[in-house]
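Accompanying notes for the structure given below.
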Amino acid sequence: MLSVRGLTKRFGEFTAVDDLSFNVEQGQVYGFLGQNGAGKSTTIRMLLSLIRPTAGEINFFGQSLFTHRKEILSQIGAIVEKPDLYKYLSAMEHLNLFARFGGHRPDPKKHVLLLEKVGLAQRANSRVGTYSQGMRQRLALACALVNDPSLLILDEPTNGLDPQGIADMRQLIRSLCKEQGKTVLVSSHLLSEIEMIADRVLIIHKGKKVAEESMDSLTEKASQLKLQALPEKRYVLEAYFLSLTSQ
Amino acid sequence: MLRLFWICVLLLGSGWKVNAAIDPATLLAGVKKKYDLVRDYTASAQLKTNVLFIKAPLSQVTVYYKRPDQLKIKNQKGISFVPKGTVNINLNNVLGLRNFEAIAAGTYQVDGVTCEIIKIFPLNDEEDITRATLYVDPTRLLVLKSIISTRESGTYQIAMQYGAYASWGLPDRVLVEFNTREFKLPKGTTLDYDNGSSKVDAPKGPQKGKVEILYRTYTINQGVADAIFR
Amino acid sequence: MFGAILYTELFKIFRRPRTYISFGAIAVIVLLVQFALRVNGTEFIRFFTDSQADTFEIPESQILNGYFVCVAILHLILIHVPLLVALIAGDMIAGEAQTGTLRMLAAQPASRTTLLLAKFSASTIYVILLLLWMALFALGGSLLLFGQEDLVVFRETDLHIISQQDVLWRFIAAFIYAALALTMIAALALLLSVFAENALGPIVATVCIVIVFTILQQLKVPVFEQTINPWSFTTHMLGWKGFFYVEKTSEGVTINGSVENPMALVRSGAILIGYTFLFVLVAERVYRKKDILC
């Protein structure tokens, strides 16, 4: 589905992403972790062709992003960092707009269903300027899904959501993956959330990959780190993450 | 008296020979009699303006006249800048003077016609006309050319050609020449587009302007309402 | 794809309340000028004709007609319209970068070149609609309020009387030319917008550039007249006025359908198109390679 090889990005003397390689398989929820400034967003921006890599290769669906950008991006839906939408447009207008951007005719029925799925149907025609941050996050997800992509790249999708919203988002991501066979690459600072939904996790630190594991393997490694003091299983990822990034 | 003295000095100094055979007063009386046949007229005409700083289309005008000295040029359609002195195409302004000195000043060929030159000097200081020179065709009793100096509007040279309405003393074509002032607006007022044409040096200072009136038809002595001239 | 993106860009422009400020401002200014000329039009005309008042009968009431009022309005406001164009075009990239929507757009399948050209085209359509709006109020409104007559155009050194049958096409040509000039301003604002991540910067920068070059032009000093001004876009932006400078015969009669020195207009138009092309080309090159970090 996604193959990244030797991906590097330098801003002058500063190396934001350093020789990063990883693979995402179809149908996976792939967790992408790192501290602030670790290079997560830069990597995601390179995957979405927002930033040109200094070196490396990015292949989606067996095709290079640099030569098949249009075909690849038409199969990807994305939320990049905090989604700032058009405050003067409604949710329905956003979906119409992103449908057109994807080369599709707006389908109001489909859009209503999509808004129901993300819990925004009641406010479908309200201006985004009147939405809370959580509602904007939900709308951003709906925009990412409007063209029925096979791969979702979600950068901090639970930002600004209340606990119920976080739970809904978690469930939605899982269902997208399990029921619709979509692949999801998700970055989050909420390690417990990643732990609950991810099949596989990539951890980067200072632009370099420090670990890429399945959740099962990671749990096993964490137990070898003698983390028995931790009372709950959901802290395994956090403990493992801290052990890697604090070195 | 002082004016008469200067007239004599001028005439003697210039060596003009007064034609003893022509009595200017009689000639002018003959001309006036002819012009007096017309109490009023409404004429349809074409007006052509040729002034250095004016670019104007040909305009169709109606000329209204009512004795003794009312004259109005109105555009049938469109806009034209009519020189103020054009009112003097009505020669009654000159011929209607009551207190003046007329002097015969020789002859001159105008359009192939030998004309008598009559110089007229109003003696009343309140007259707008300060001096007039008429070139009169003594045979047809028509004024073919006049040079009229006024206090208000400067000097106008008016050339007239006659045709179908010659018996009424009404011309077919009038060419008015007059002095113009330089047209200039303060720089930056209009923020003009520079298309290169302004770089061609235009002559500075006062220039001569011309207005040509080509009369097509006259309606004579059918009455003209006074309101037209207001 | 281009058509769909252009549609969405236009949709965004015309769903934004800010867009209508320009249309409202133009309507208000035009109405104010019309009101002022209705009340004090004669004095306004006397300002131009004062030097000739002793020589000619000035037909002031005829001069003050719908066409004259429209030209007066265009003289007064066309020089300020670049600000209204910059408000939209300067916001095109930088405004979206500022609000964070640019990264969402750039992550769409459409190429950046397509996106930029769609944004430029949308700005151009906005310019055209703004001018049509202006034409509706300035020309249509003035003709309704002041009636039709020959048009008198005053230049610093002469005046042109154009018969009314020969006027309408000149207005159409002038509006088309103004659209060309304002499209160039849109291209400039878009170019500056590509470099900025804050909408205010390109808007202010565009207006400042126009002001600086206009001042250089108005100074009329040889050092600028011979160097910068022949190539300054503000010089050529005034070309719309050229359609109201009419040619005359040797006898001083205007020639219907003529334009004084049409080659100068062609050259000015070509220079404006050249600048537009250059600005869009550079904007495209920069934007295509730009890292979208905001």
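Only one of B:L141, B:L97 is over 22 Å from B:T180 (Cα atoms) and modelled with pLDDT under 85; which? Full working, then the answer.
Details: B:L141 fails: modelled with pLDDT under 85.
Every option except B:L97 fails the conditions.
For B:E182, are the conditions met, namely being outside any strand (DSSP E or B), within 14 Å of another protein chain (Cβ to nearest Cβ) and surrounded by fewer than 21 Cβ atoms within 10 Å (Cβ to Cβ)? Even if it seems obvious, please write down each step before you answer.
Numbers: outside any strand (DSSP E or B): yes; within 14 Å of another protein chain (Cβ to nearest Cβ): yes; surrounded by fewer than 21 Cβ atoms within 10 Å (Cβ to Cβ): yes.
Yes.
I'm trying to understand the selection: among the residues of segment C:219-267, which are touching a Leu at 6+ places or on another chain (Cβ under 9 Å), aliphatic (A, V, I, L, M) and closer than 17 Å to C:M184 by Cα?
C:M237, C:L238
Considering only segment C:156-172, state which residues are in a helix (DSSP H, G or I) and buried (at least 17 other Cβ atoms within 10 Å of the Cβ). Step through it out loud before you land on a result.
Step one: filter segment C:156-172 for residues in a helix (DSSP H, G or I), giving C:164-166, C:168-172.
The answer is C:Q164, C:D166, C:R170, C:F171.
Given the options C:T206, C:T235, name the one that is part of a helix (DSSP H, G or I) and either at pLDDT below 90 or at the interface with chain B (Cβ under 9 Å from one of its Cβ atoms) (or both). Steps first, answer last, please.
Numbers: C:T206 fails: either at pLDDT below 90 or at the interface with chain B (Cβ under 9 Å from one of its Cβ atoms) (or both).
From the options C:T206, C:T235, the qualifying one is C:T235.
Which one of these is aliphatic (A, V, I, L, M) and touching a helix residue (DSSP H, G or I) at 6+ places or on another chain (Cβ under 6 Å): C:L139, C:L117, C:L132?
Values: C:L117 fails: touching a helix residue (DSSP H, G or I) at 6+ places or on another chain (Cβ under 6 Å); C:L132 fails: touching a helix residue (DSSP H, G or I) at 6+ places or on another chain (Cβ under 6 Å).
Exactly one of C:L139, C:L117, C:L132 is aliphatic (A, V, I, L, M) and touching a helix residue (DSSP H, G or I) at 6+ places or on another chain (Cβ under 6 Å), namely C:L139.
Could you figure out which of (1) buried (at least 22 other Cβ atoms within 10 Å of the Cβ); (2) at pLDDT 90 or above isn't true of B:S59?
It fails just one condition, (2).
Check C:I63, C:I79 and return the single one that is touching a residue at least 24 places away in the same chain (Cβ under 8 Å) and out of contact with any strand residue (DSSP E or B) (no Cβ under 8 Å at 6 or more places or on another chain).
Details: C:I63 fails: out of contact with any strand residue (DSSP E or B) (no Cβ under 8 Å at 6 or more places or on another chain).
Step by step, each of C:I63, C:I79 is checked, and only C:I79 is touching a residue at least 24 places away in the same chain (Cβ under 8 Å) and out of contact with any strand residue (DSSP E or B) (no Cβ under 8 Å at 6 or more places or on another chain).
Would you confirm whether or not segment B:204-225 contains a residue that is within 30 Å of C:R267 (Cα to Cα) and either out of contact with any strand residue (DSSP E or B) (no Cβ under 9 Å at 6 or more places or on another chain) or open to solvent by 50 Å² or more (accessible area, probe 1.4 Å) (or both)? Can you show your working first?
Taking segment B:204-225 and keeping what is within 30 Å of C:R267 (Cα to Cα), we get B:204.
Then keep just the ones that are either out of contact with any strand residue (DSSP E or B) (no Cβ under 9 Å at 6 or more places or on another chain) or open to solvent by 50 Å² or more (accessible area, probe 1.4 Å) (or both); that gives B:204.
Looking for residues that are within 30 Å of C:R267 (Cα to Cα) and either out of contact with any strand residue (DSSP E or B) (no Cβ under 9 Å at 6 or more places or on another chain) or open to solvent by 50 Å² or more (accessible area, probe 1.4 Å) (or both), one finds at least one in segment B:204-225, hence yes.
Is there a residue being open to solvent by 20 Å² or more (accessible area, probe 1.4 Å) and part of a helix (DSSP H, G or I) anywhere in segment C:146-155? Break it down stepwise before answering.
Going through segment C:146-155, the residues open to solvent by 20 Å² or more (accessible area, probe 1.4 Å) turn out to be C:146-149.
Now drop any that are not part of a helix (DSSP H, G or I), which leaves C:146.
Looking for residues that are open to solvent by 20 Å² or more (accessible area, probe 1.4 Å) and part of a helix (DSSP H, G or I), one finds at least one in segment C:146-155, hence yes.
Picking from A:Q122, A:Q63, which residue would you name as being open to solvent by 10 Å² or more (accessible area, probe 1.4 Å) and under 24 Å from C:F2 (Cβ atoms)? Write out each step before concluding.
Numbers: A:Q122 fails: under 24 Å from C:F2 (Cβ atoms).
One residue alone meets the criteria, A:Q63.
Residue-wise test of (1) within 19 Å of the chain's Cα centre (by Cα); (2) modelled with pLDDT of 90 or more; (3) within 14 Å of chain A (Cβ to nearest Cβ); (4) in a helix (DSSP H, G or I).
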{"residue": "C:I5", "(1), (2), (3), (4)": "no, yes, yes, yes"}
{"residue": "C:E9", "(1), (2), (3), (4)": "no, yes, yes, yes"}
{"residue": "C:A25", "(1), (2), (3), (4)": "yes, yes, no, yes"}
{"residue": "C:V28", "(1), (2), (3), (4)": "yes, yes, no, yes"}
{"residue": "C:V33", "(1), (2), (3), (4)": "yes, yes, no, yes"}
{"residue": "C:N40", "(1), (2), (3), (4)": "no, yes, no, yes"}
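Which one of these is open to solvent by less than 50 Å² (accessible area, probe 1.4 Å), free of Cβ contacts under 8 Å to residues at least 24 places away in the same chain and hydrophobic (A, V, I, L, M, F, W, C): C:I45, C:I88, C:I13? Break it down stepwise before answering.
Details: C:I88 fails: free of Cβ contacts under 8 Å to residues at least 24 places away in the same chain; C:I13 fails: free of Cβ contacts under 8 Å to residues at least 24 places away in the same chain.
Just one listed residue meets the conditions, C:I45.
Residue check: is C:M184 out of contact with any Lys or Arg (no Cβ under 8 Å at 6 or more places or on another chain) and over 30 Å from B:V61 (Cα atoms)? Don't jump to the end; show me each part of the working.
Values: out of contact with any Lys or Arg (no Cβ under 8 Å at 6 or more places or on another chain): yes; over 30 Å from B:V61 (Cα atoms): yes.
Judged against the criteria, C:M184 is a match.
Looking at segment C:271-294 only, could you name the residues that are open to solvent by 40 Å² or more (accessible area, probe 1.4 Å) and within 14 Å of another protein chain (Cβ to nearest Cβ)?
Once the filter is applied, which keeps residues that are open to solvent by 40 Å² or more (accessible area, probe 1.4 Å) and within 14 Å of another protein chain (Cβ to nearest Cβ), segment C:271-294 yields C:R285, C:V286, C:R288, C:K289, C:L293.
Cβ contacts < 6 Å: first residue over 27 Å from C:L293 (Cβ atoms), restricted to segment A:84-96; second residue part of a helix (DSSP H, G or I) and among the hydrophobic types (A, V, I, L, M, F, W, C), any location; separation 6+ or different chain. Result?
Close Cβ pairs satisfying both conditions: A:A91/A:L115; A:A91/A:L139.
So which of C:V223, C:V259, C:V194 is of a type in the set (V, I, T), in contact (Cβ under 8 Å) with a residue 12 or more places away in the chain and away from chain B (no Cβ under 14 Å)? Lay out the reasoning, then the answer.
Details: C:V223 fails: in contact (Cβ under 8 Å) with a residue 12 or more places away in the chain; C:V259 fails: away from chain B (no Cβ under 14 Å).
On inspection, the qualifying residue turns out to be C:V194.
Of the numbered conditions (1) basic (K, R); (2) within 17 Å of C:L105 (Cα to Cα); (3) away from every other protein chain (no Cβ under 13 Å), A:R170 fails exactly one; give the number of that condition.
With (1) basic (K, R); (2) within 17 Å of C:L105 (Cα to Cα); (3) away from every other protein chain (no Cβ under 13 Å) applied to A:R170, the lone miss is (2).
So, in segment A:29-55, how many residues would count as being open to solvent by 30 Å² or more (accessible area, probe 1.4 Å) and more than 14 Å from every other protein chain (Cβ to nearest Cβ)?
Total satisfying the criteria: 3.
Mind listing whichever residues of segment C:16-42 are under 30 Å from A:R105 (Cα atoms) and touching a residue at least 12 places away in the same chain (Cβ under 8 Å)? Step through it out loud before you land on a result.
Of the residues in segment C:16-42, the ones under 30 Å from A:R105 (Cα atoms) are C:16-20.
C:R18, C:T19, listed by residue number.
Kindly indicate which of C:G201, C:G95, C:G100 is more than 22 Å from C:F233 (Cα to Cα) and surrounded by fewer than 22 Cβ atoms within 10 Å (Cβ to Cβ).
Working: C:G201 fails: more than 22 Å from C:F233 (Cα to Cα); C:G95 fails: surrounded by fewer than 22 Cβ atoms within 10 Å (Cβ to Cβ).
Testing whether each residue is more than 22 Å from C:F233 (Cα to Cα) and surrounded by fewer than 22 Cβ atoms within 10 Å (Cβ to Cβ) leaves just C:G100.
May I ask you to verify whether A:A78 is assigned to a strand (DSSP E or B), closer than 30 Å to C:R15 by Cα, within 12 Å of chain C (Cβ to nearest Cβ) and within 20 Å of the chain's Cα centre (by Cα)?
Numbers: assigned to a strand (DSSP E or B): yes; closer than 30 Å to C:R15 by Cα: yes; within 12 Å of chain C (Cβ to nearest Cβ): yes; within 20 Å of the chain's Cα centre (by Cα): yes.
So A:A78 fits the description; yes.
With the checklist (1) assigned to a helix (DSSP H, G or I); (2) of a type outside the set (V, I, T); (3) facing another protein chain (nearest Cβ under 10 Å); (4) buried (at least 24 other Cβ atoms within 10 Å of the Cβ) in hand, flag the one item C:H75 doesn't pass.
Just one mismatch for C:H75, condition (4).
Mind listing just one residue for me: the one in segment C:253-267 that is open to solvent by less than 50 Å² (accessible area, probe 1.4 Å) and touching a Lys or Arg at 6+ places or on another chain (Cβ under 7 Å) and, of those, nearest to C:N229 (Cα to Cα)?
Narrowing segment C:253-267 to residues open to solvent by less than 50 Å² (accessible area, probe 1.4 Å): C:253-254, C:257-260, C:264-265.
If we keep only those that are touching a Lys or Arg at 6+ places or on another chain (Cβ under 7 Å) too, we end up with C:253-254.
Numbers: C:V253: 32, C:T254: 30 Å.
Residue satisfying both the conditions and the ranking: C:T254.
Tell me which of these C:D50 doesn't satisfy, since it passes every other one: (1) part of a helix (DSSP H, G or I); (2) open to solvent by 10 Å² or more (accessible area, probe 1.4 Å); (3) within 14 Å of chain A (Cβ to nearest Cβ).
Evaluating C:D50 over (1) part of a helix (DSSP H, G or I); (2) open to solvent by 10 Å² or more (accessible area, probe 1.4 Å); (3) within 14 Å of chain A (Cβ to nearest Cβ) leaves (3) as the failure.
Only one of these is open to solvent by 10 Å² or more (accessible area, probe 1.4 Å) and more than 20 Å from B:E212 (Cβ to Cβ): B:N92, B:N75. Name it. Break it down into steps so the answer makes sense when it comes.
Working: B:N75 fails: more than 20 Å from B:E212 (Cβ to Cβ).
Just a single option satisfies the conditions, and that option is B:N92.
Report yes if C:F175 is more than 9 Å from chain B (Cβ to nearest Cβ), aromatic (F, W, Y) and open to solvent by less than 10 Å² (accessible area, probe 1.4 Å), otherwise no. I'd like the intermediate steps shown before the answer.
Working: more than 9 Å from chain B (Cβ to nearest Cβ): yes; aromatic (F, W, Y): yes; open to solvent by less than 10 Å² (accessible area, probe 1.4 Å): no.
No; evaluated as a whole, the condition is false for this residue.
Within the bounds of segment A:126-133, is there any residue that is assigned to a helix (DSSP H, G or I) and either more than 13 Å from every other protein chain (Cβ to nearest Cβ) or of a type in the set (S, T, Y) (or both)?
Residues of segment A:126-133 that are assigned to a helix (DSSP H, G or I), as a first pass: A:128-130, A:133.
Still in the running and either more than 13 Å from every other protein chain (Cβ to nearest Cβ) or of a type in the set (S, T, Y) (or both): A:130.
Yes.
I'd like the full set of residues that are over 18 Å from A:K40 (Cβ atoms) and either open to solvent by 40 Å² or more (accessible area, probe 1.4 Å) or part of a strand (DSSP E or B) (or both), limited to segment A:6-28.
A:G12, A:E13, A:E25, A:Q26
The values are calculated or read from the model by the stated rules, or taken from the named source; none is laboratory data. Everything numeric in this text was worked out from a predicted model, so none of it was measured. Don't worry about glycine lacking a Cβ; one is built from the backbone with ideal geometry, like all the others, and counts go over all protein chains shown. Protein only, heavy atoms only, side chains kept; ligands, DNA and RNA dropped before computing areas. Shrake-Rupley method; radii C 1.70, N 1.55, O 1.52, S 1.80 Å.
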